[in-house]
Amino acid sequence: MRPFDFQLRTRVVFGNGAFARLGELACELSFTRTLVVADRGIVAAGLAQQAAVSLDAAGISTSFFHDFDTNPDSRMVEAGRAHAASSGAIDSIVAIGGGSSLDCAKGINFVLTNGGTMRDYRGFGKATRPMLPSIGVPTTAGTGSEAQSYALISDGETHVKMACGDPKAAFRIALLDPELTVTQPCDVTAMAGYDAISHAVESYVTTRRSGASDLFARDAWRWLSGNFARVLEAPDDRLARAAMLWGAHAAGIAIEQSMLGATHACANPLTARYGTTHGIAIAVMLPHVVRWNADHVGDRYAELLDRGPAAFAPPALRRASPKLATNPRERRRESPALRESGHASTAARAGEQLASLLEALRHAGQLPASLRDIGVARDDFAALAADAATQWTGTCNPRPFDAASALELYERAY
């Protein structure tokens, strides 16, 4: 096992109805005047008002900020800082929503407490002053941002996504209430869920992985891959919703230790240049990256296959994935023959099977399958590849990754 330094910085409170405990938990952290960061959809759904009622009952005054978009940028973060500064002595933050709300809240925390702009915090550990205590309440099973000390914020001028991290930015408490995820639209469930699946897959094979990240990535993959199709078929299934929410959180913990890989390096320029929703960009790229990486980490992919949904996949998933051996025992019986054909072919077979499963999951979510489908111009590939090569996550990919690699992956995905 590789050496690692691992510490969980965030307390997890999990369960149906747990959102009602917000005021109580905020009191435990000595909140008195709180900035509530919630996107417009959360406000429209009434969850911001529910938070206000809970916090008010606990004697905590609130100020609300919701003037940001799906991909929060540095200008939106600055608007949040200005709003907080004009709201009096803000001593805490509550973030409610998907990754955009959670990341925006962490971004506001950086500049409100430490000054400057988000560019000053690109990288890790650049906040020199204390940051405000905060609570994260995810309403989607997706980014796992509530488990991480990073805020992913786009540069307002260049649109480049900046990963800004610091241990002080981590939420003190992650409040995971599966009931909050039940009413999300089907397309959001699909995009967020597939993003979470990609986190489990990529964090399990990066060059920075550790025994700790493996533990959480494997668990995340098991919960996510086994329940993704189910929450799409039966949106009211509370057990499946709970599994997805915990799986997304566990994958977020894994990312904190291991980072991500080429899938995210290729996806981020698509969002920056085309405004492509992150989960869609991930869905297009992930199966191709798995096949491309297979010769380097095929044995790791095989381990995921043995922990995946094969034994209990719904019929629709099996029909969508004819290449997938649906029983892990069948794969084990095949292994002697595969060994005879050499490690390279064994690794390629595992990569192909995992990519096939990921394509079946993508199909179940009715997500686009190619760059052509989402309107990406082939003439832009060189510029996209140059941008992808600058992404931090690419440096953690198990197969060496550069602009030429990104260009090859874009061609495969076209």
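The values are calculated or read from the model by the stated rules, or taken from the named source; none is laboratory data. Predicted model only: the values in this text are computed from it and were never measured. Using ideal geometry, Cβ is built from the backbone for each residue, glycine included, and neighbour counts are taken over all protein chains shown. For accessibility, only protein heavy atoms count, side chains too; no ligands or nucleic acids. Shrake-Rupley method; radii C 1.70, N 1.55, O 1.52, S 1.80 Å.
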Considering the alpha-carbon set of the chain alone, what are its Rg and its Dmax in angstrom? 20.8, 70
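Rounded, prolate or oblate: which one fits segment 1-141, using the alpha carbon gyration tensor with axes a ≥ b ≥ c (rounded when a/c is under 1.5, else prolate when a/b beats b/c, else oblate)? Walk me through the numbers on the way to the answer.
Details: a/c = 1.44, a/b = 1.15, b/c = 1.25.
It is rounded, given that a/c, with a ≥ b ≥ c, falls under 1.5.
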How large is ³J(HN,Hα), in whole Hz, for each residue of segment 153-164 in order, when computed from phi with the Karplus curve 6.51 cos²θ - 1.76 cosθ + 1.60 and θ = phi - 60°, using x for Gly and Pro? 10, 7, 5, x, 9, 8, 6, 5, 7, 10, 8, 10
Taking amide hydrogens as modeled 1.01 Å from N in the peptide plane, which residues meet the under 5 Å criterion relative to residue 276, leaving out close sequence neighbours? 271
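So if I average 1/r over every pair of distinct C-alpha atoms in segment 72-206 and take the inverse, what Kirkwood radius in Å does that give? The partial results should precede the final answer.
Numbers: mean 1/r = 0.0656 Å⁻¹.
So the Kirkwood estimate lands at 15.3 Å.
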With segment 102-173 reduced to its Cα atoms and the Debye formula applied, log10 I(q)/I(0) at q = 0.16, 0.22, 0.26 1/Å amounts to -0.49, -0.91, -1.22
Just grab the label-to-label distance for residue 33 and residue 56, each label 7 Å out from Cα along the Cβ direction, in nm (one decimal). 1.8 nm
In Å², and per residue, what accessible area does segment 32-191 have when probed at 1.4 Å with the other protein chains present? 35 Å²
Could I have the simple spin-label model distance between residue 373 and residue 208, label points 7 Å from Cα toward Cβ, reported in nm to one decimal? 3.0 nm
Using the charge dipole of the chain (Lys, Arg: +1 at Cβ; Asp, Glu: -1 at Cβ; taken about the Cα centre), state which of 104, 156, 138 has its Cα farthest towards the positive end. 138
Cβ-based charge dipole, segment 148-277, positive-most Cα from 252, 210, 170: 210
Pair residue 129, residue 274: separation of 7 Å Cα→Cβ label points (nm): 4.2 nm
Based on the Cβ-Cβ distance from residue 382 to residue 158, what FRET efficiency comes out when R0 is 22 Å, to the nearest 0.05? 0.80
Under 5 Å from the placed amide H of residue 62, counting only residues 5+ away or on other chains, we find 34
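So, in the chain, how many Lys pairs have Cα atoms under 24 Å apart, if the pair is 8 or more places apart or on different chains?
On the way: 106/126; 106/161; 106/168; 126/161; 126/168.
Value for the chain: 5.
If the only charges are +1 at each Lys and Arg Cβ and -1 at each Asp and Glu Cβ, what is the size of the charge dipole of the chain around the Cα centre, to the nearest 20 debye?
Dipole magnitude for the chain comes out near 820 debye.
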Residue 85 label point, 7 Å along Cα→Cβ, cut-off 12 Å on backbone N: hits in segment 103-124? 111-117
³J(HN,Hα) across segment 117-122 via Karplus (A = 6.51, B = -1.76, C = 1.60, θ = phi - 60°), whole Hz, x for Gly/Pro? 10, 4, 4, 5, 10, 5
Report in % the part of the accessible area of segment 78-150 that belongs to carbon and sulfur, leaving out ligands and nucleic acids; probe 1.4 Å. 52 percent
Dipole magnitude of segment 1-111 about its Cα centre (Cβ charges: Lys, Arg +1; Asp, Glu -1), debye to nearest 20: 200 debye
Quotient of Cα radius of gyration and Kirkwood radius for segment 137-247, i.e. Rg/Rh, equals 0.99
